[in-house]
Structures are given as structure tokens and as C-alpha cells.
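Here's the structure we're looking at; comments come further down.
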Amino acid sequence: MSSQYLFTYGTLKSDQPEHAQHCLPPLSITPAKACGTLWRLREGYPILQIEPELALLDASKDLVADWAKALQAEASDSPPQLEGNWIEGQLFEFPLEADVLKKMDAWENFIPGVKSAYQRRLIWVKTADGADRVAWAYVCYSPPNWATMLNETSWNA
């Protein structure tokens, strides 16, 4: 069975109340971090801002084909030398199945090709043991004007 990965940094983390309601049970959960800036939306939820050049791929409607491209990028590209804020989170492992991220996409109000605050993009993350790998993450390039930048490197409700 093939796996795919999702980096979570906010309400989808395993210790958050929304996790059980909006996530399928992951095959594994590993501490990880991603380079970016954490913001708080007016609703109280966090959003991770990343630099556009750090996104390897925007999600399309074909999750399985997207993940094949992700694995090609992971095998052929060297992770960038990331500098800046490291945002702490969790790396979820899920089976590579077409609908496995559907509940999470709905929670994040993400529809491929539709503009919304959260976009599912493929980014580089660093696992707790220092390994670099690619993972999906719900992120933005520029937060809404009414969002508040946080100085923290992790988010807790």
C-alpha cells in the first residue's frame, strides 16, 4: 500500500477537538515542522503563510496523480535550504486513496481551482529526526488583511 502525507499545524492536529470530527484516522503521526509564518484568522483559526516558491504543487482534483508528481519531486529535487520561522506540527500518514483527504478538504473549505483562504499545496517539511520530505499542507501565500500575525512557532486553541 502506498502512503501520502499531510502536515497539520492547527485544528487538525491530533490533540485538537476538531481532529476526530474532520480527520480520518492516520496510519501514523510524527512530529514535524514547516517553514512559514503563522497567522490567526478572525474566526480564531490559524493559517500558515508560505513563500510561493516553497510550494512544489497545487492540489488538483486528481489526488493520486498529484501524489505521483509529489514523489517525483521528492526524488529529483533537493529540498531548499530553508531559513526563517519553523512552525511545529504533525505529519500524518494516510493511504494513497482518492477520497482520503475529502473530509479535511471540506473542513478547510478547500476545493481545487477555487479561491479560498486555505489552499492544499505540496511543501517540504522536516521530520523530528531531521529528514526532509514532501507533504500536503493547508496554507496560503498571503493572509487576509484582517488576519493577525502570531509570533509563536506552534498553535494551540
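What range in the chain is the longest one free of GluC sites (Glu not before Pro) that are in a loop by DSSP and have at most 11 other Cβ atoms within 10 angstrom?
Free of exposed loop sites, the longest segment is 84-157.
If you take the charge dipole of segment 1-111 about its Cα centre, with +1 on Lys and Arg Cβ and -1 on Asp and Glu Cβ, which of PRO17, ILE29, SER3 is farthest toward its positive end?
Value computed over the given set: PRO17.
Given charges of +1 on the Cβ of Lys and Arg and -1 on the Cβ of Asp and Glu, with all other atoms neutral, how large is the dipole of segment 1-58 about its Cα centre, in debye to the nearest 20?
Working: 4 positive and 6 negative charges, 35 e Å.
Computed about the Cα centre, the dipole is about 160 debye.
For segment 109-157, just say rounded, prolate or oblate: build the C-alpha gyration tensor, square-root its eigenvalues into a ≥ b ≥ c, call rounded for a/c under 1.5, and beyond that prolate if a/b exceeds b/c, oblate if not.
oblate
How many Å² of accessible area per residue for segment 1-124, probe 1.4 Å?
Dividing the accessible area of segment 1-124 by its residue count gives 51 Å².
Using the Karplus equation 6.51 cos²θ - 1.76 cosθ + 1.60 (θ = phi - 60°), what ³J(HN,Hα) coupling, rounded to whole Hz, does each residue of segment 24-35 give in order, writing x for Gly and Pro?
6, x, x, 5, 8, 10, 10, x, 7, 8, 9, 7
Of the candidates ALA131, ALA20, ALA73, which one comes out as most mobile in a Gaussian network treatment of the chain with C-alpha springs shorter than 10 Å?
ALA131
Compute the signed sum of charges (Lys and Arg +1, Asp and Glu -1) over the other residues within less than 11 Å, Cβ to Cβ, of TYR45.
-1
Out of the trypsin sites (Lys or Arg not before Pro) in segment 29-129, which ones are loop residues according to DSSP with at most 11 other C-beta atoms within 10 Å?
Sites meeting the loop and neighbour criteria: ARG42, LYS61, LYS115.
Quick one: with all protein chains in place, what share of the accessible area of the chain is carbon or sulfur, to the nearest percent (1.4 Å probe)?
Its accessible area is 49 percent carbon and sulfur atoms.
Which residue fluctuates most in the GNM of the chain (Cα springs below 10 Å): GLN72, GLN119, GLN49?
Taking springs between Cα atoms under 10 Å, the residue moving most is GLN72.
Considering lysine pairs in the chain that are 8 or more places apart or on different chains, how many have Cα atoms under 16 Å apart?
For the chain, the number of qualifying lysine pairs is 7.
Charges only on Cβ, +1 for Lys and Arg, -1 for Asp and Glu: so what's the dipole of segment 38-157 about the Cα centre, in debye to the nearest 20?
Charge dipole of segment 38-157: 420 debye, to the nearest 20.
Please state the equivalent ellipsoid semi-axes for the chain: what are the square roots of 5 times the Cα gyration tensor eigenvalues, largest first, in whole Å?
So the three semi-axes of the chain are 21, 18, 16 Å.
The values are calculated or read from the model by the stated rules, or taken from the named source; none is laboratory data. Values in this document were obtained by computation on a predicted structure and should not be read as measured data. Counting neighbours? That spans all protein chains shown, and the Cβs are built from the backbone with ideal geometry, glycine included. Each accessible area value is taken on the protein alone, full model and side chains, heavy atoms only, with ligands, DNA and RNA left out. Shrake-Rupley method; radii C 1.70, N 1.55, O 1.52, S 1.80 Å.
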